[in-house]
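First the structure, in the form of structure tokens, and then the observations on it.
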Amino acid sequence: MATENVMNHISVSEVEFIPCRPHNGLIGFISCVLNNSIYCGGIALYTRIDGSGLRAVFPTKTLSSGKIIKIFYPVNKKMGDAFTHAVECKYLDMMNSTSKRKSGGENG
């Protein structure tokens, strides 16, 4: 079945991180492309309370009735883990390049 083939190969690409002034653990927002097919944006990135890494909070919409509906989110652990890994790599790359610029580069 074609759907099963797509789920056997998960790719998270074009990850973009937009930092914001840290507030209550929020450090910025993420956008990415899943399986070279679906653009996902507006994903909030927080530090974990215990400091063990990062966590993504996926967008929701509050209806006029007050009901909150989820826009999109990983529906299985495999996709969630692939997403988290890609986001953490992008964030760490960005933080490393920022540190190098502030310290005057790799060679000082």
Within segment 92-108, considering residues that are part of a helix (DSSP H, G or I) and at pLDDT below 85, the one farthest from HIS9 (Cα to Cα): LYS102
First in segment 43-65 and among the hydroxyl-bearing types (Ser, Thr, Tyr), second anywhere and exposed (fewer than 10 other Cβ atoms within 10 Å of the Cβ), Cβ under 7 Å, 6 or more apart: THR60/ILE68; THR60/ILE69; THR60/LYS70; THR62/ILE68
GLY80 being within 12 Å of the chain's Cα centre (by Cα) and under 20 Å from ILE18 (Cβ atoms): no
So ILE10, is it outside any loop (DSSP other than H, G, I, E, B) and not acidic (Asp, Glu): no
Condition check for ILE10: surrounded by 13 or more Cβ atoms within 10 Å (Cβ to Cβ) and modelled with pLDDT under 85: yes
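So for segment 92-100 (the condition being under 11 Å from the mean Cα position of the chain (by Cα) and not polar (S, T, N, Q)), does at least one residue qualify?
The answer is no; no qualifying residue exists.
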Selection from segment 43-52 of residues that are closer than 12 Å to GLY25 by Cβ and of a type in the set (Gly, Ala, Ser): ALA44, GLY51
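May I ask you to list the residues in segment 15-37 that are among the small types (Gly, Ala, Ser) and either crowded, with 16+ Cβ neighbours inside 10 Å or within 19 Å of GLU88 (Cα to Cα) (or both)?
GLY25, GLY28, SER31
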Hits in segment 38-70 - residues which are assigned to a loop (DSSP other than H, G, I, E, B) and either out of contact with any strand residue (DSSP E or B) (no Cβ under 8 Å at 6 or more places or on another chain) or surrounded by fewer than 14 Cβ atoms within 10 Å (Cβ to Cβ) (or both): ARG48, ILE49, ASP50, GLY51, SER52, GLY53, LEU63, SER64, SER65, GLY66, LYS67
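The values are calculated or read from the model by the stated rules, or taken from the named source; none is laboratory data. The structure presented is a predicted model; accordingly, all values stated were derived computationally and were not measured. Because the Cβ atoms are built from the backbone with ideal geometry, glycine has one as well, and the counts that use them run over all protein chains shown.
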